[in-house]
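Only one structure is covered here, and it is reproduced in the block below.
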Amino acid sequence: LEELPVHYSLGLIEEQRLLDLNITEIEHVTQNIIRSHLGTCQFTSEELSNMIWNVHSQEEVCSLQSKPCEMMWQLCSIHISNAIQYVVEFAKRLDGFMELCQNDQIVLLKAGCLEVLLIRMTRAFNPSNNTVLFEGKFGGIQMFRSLGCDDLLYAIFDLGRTLCRLRLSDEEIALFTAAVLMSPDRPWLTESKKVQKLQDRIFLALQKEIQKRHCSEDLLTKMISKLPLMKTICNLHADKLEFFRLLHPDTAQIFPPLYKEVFC
Ligand code: CLR
């Protein structure tokens, strides 16, 4: 080492310092996102695992099934907009999000919040009996029969099962939802380069997080491969909502304002 020219060893040190800097920067991104997720995920994993065998009784399922279609739509939209409020708070806490222009903040949230909810649903989904958390207890797809959207519900439950199979940690869910939210390809973005840079950092952080826990490197590929199914679900939801509004033109009052703002 003593024989090396001085500038060479200095160069090495410099490079090493740069590497450390990048590592701490990504570590920073990771910590910010995980903290934001844990602070806004509505239920801790512990709360969810305590609830998981608390299943709706047959009577409770029947009473949901006998609700009129409009009432069930209203109930679901209330739960969804409540959950969206937490997603909005999640986005606001992500480094860089509030520095985007207001137009882009709105574009990203409108386009991404249902996808984020669908990923978050994995935490509240029990794949061993195909149940999801709804109204404080777990229940199967039949709870939603009166909505008249069987194909949509099958797609949602299908996604729940396939995402659960990936056995994502809370950290991975945090980073995955952040990456989905920061999608630079959403229509009407004005500063998509900025969003691209933020998403690049998030994917780097996600890759690092996956390397920590898994031997197989293809988890990220598997996660990304679920995005088309999510897009299909979003489109189906939009179609069903449009159809519902055609059948019930008086729906202006039944949906909560946030649900209308995001989806109508
Ligand atoms: C997702 C994870 C959130 C909490 C939460 C709130 C509302 C839940 C949602 C989760 C999962 C999907 C859900 C939704 C309410 C209605 C909806 C159960 C658990 C079902 C699938 C019905 C959808 C029907 C329409 C789109 C018409 O932290």
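Would you rank TRP73, TRP53, TRP188 by solvent-accessible area, highest first, keeping every protein chain in place and using a 1.4 Å probe?
Values: TRP73 15, TRP53 175, TRP188 215 Å².
The ordering from most to least exposed comes out as TRP188, TRP53, TRP73.
Can you list the residues of segment 120-156 with backbone N under 12 Å from a point 7 Å past the Cα of GLN65, pointing along Cα to Cβ?
The answer is 140-146.
Please give me, ordered by residue number, the GluC sites (Glu not before Pro) of segment 60-159 that lie in loop per DSSP and have at most 13 other Cβ atoms within 10 Å. Mind showing how you got there, number by number?
Working: sites: GLU60, GLU70, GLU89, GLU99, GLU115, GLU135; in loops: GLU99, GLU135.
Sites meeting the loop and neighbour criteria: GLU99, GLU135.
Could you provide, to the nearest whole Å², the per residue accessible area of the chain with probe 1.4 Å?
Working: 14610 Å² over 264 residues.
Roughly 55 Å² per residue, with all protein chains present.
What are the lysines whose alpha-carbon lies under 19 Å from the alpha-carbon of LYS212, with same-chain residues fewer than 8 places away excluded?
LYS222
Could you please state, rounded to a whole Å, how far the C-alpha centre of segment 185-246 is from the C-alpha centre of segment 20-76?
18
Using a ≥ b ≥ c from the Cα gyration tensor of segment 73-131 (square roots of the eigenvalues), is it rounded, prolate or oblate, where a/c under 1.5 gives rounded and otherwise the larger of a/b and b/c decides, a/b for prolate? Provide the component values of the computation, followed by the final result.
Numbers: a/c = 2.96, a/b = 1.88, b/c = 1.58.
Prolate, because a/c is 1.5 or more and a/b exceeds b/c.
Determine the alpha carbon to alpha carbon distance for each of LYS67/LYS231; LYS110/LYS208; LYS208/LYS260; LYS110/LYS193; LYS194/LYS260 and list only those over 26 Å. Present the calculation step by step, with values, prior to reporting the outcome.
Details: LYS67/LYS231 29 Å; LYS110/LYS208 28 Å; LYS208/LYS260 38 Å; LYS110/LYS193 19 Å; LYS194/LYS260 28 Å.
In this structure, LYS67/LYS231; LYS110/LYS208; LYS208/LYS260; LYS194/LYS260 exceed 26 Å between Cα atoms.
Using alpha carbons only, how many degrees (0 to 90, rounded to 10) separate the axis of helix 69-93 from the longest principal axis of the chain?
20
Carbon and sulfur: what percent of segment 138-260's accessible surface (1.4 Å probe)? Before the final figure, lay out the partial values.
On the way: 3700 of 6510 Å².
Here carbon and sulfur together make up 57 percent of the probe-accessible area.
For TYR154, TYR86, TYR259, give me the order by solvent-accessible area with a 1.4 Å probe, most accessible first, ignoring ligands, DNA and RNA. Walk me through the numbers on the way to the answer.
Numbers: TYR154 140, TYR86 85, TYR259 5 Å².
These residues rank, largest area first, as TYR154, TYR86, TYR259.
Rounded to two decimals, what is the ratio between the C-alpha radius of gyration of segment 130-264 and 2.2 N^0.38 Å? Please list the in-between numbers first.
Values: Rg = 17.7 Å, N = 135, 2.2 N^0.38 = 14.2 Å.
That ratio works out to 1.25.
The values are calculated or read from the model by the stated rules, or taken from the named source; none is laboratory data. On a predicted model such as this, the values are computed, not experimentally measured, just so you know. We place every Cβ from the backbone using ideal geometry, glycine too, and count neighbours over all the protein chains shown. We work out accessible area using only protein heavy atoms, side chains counted, and drop any ligands, DNA or RNA first. Shrake-Rupley method; radii C 1.70, N 1.55, O 1.52, S 1.80 Å.
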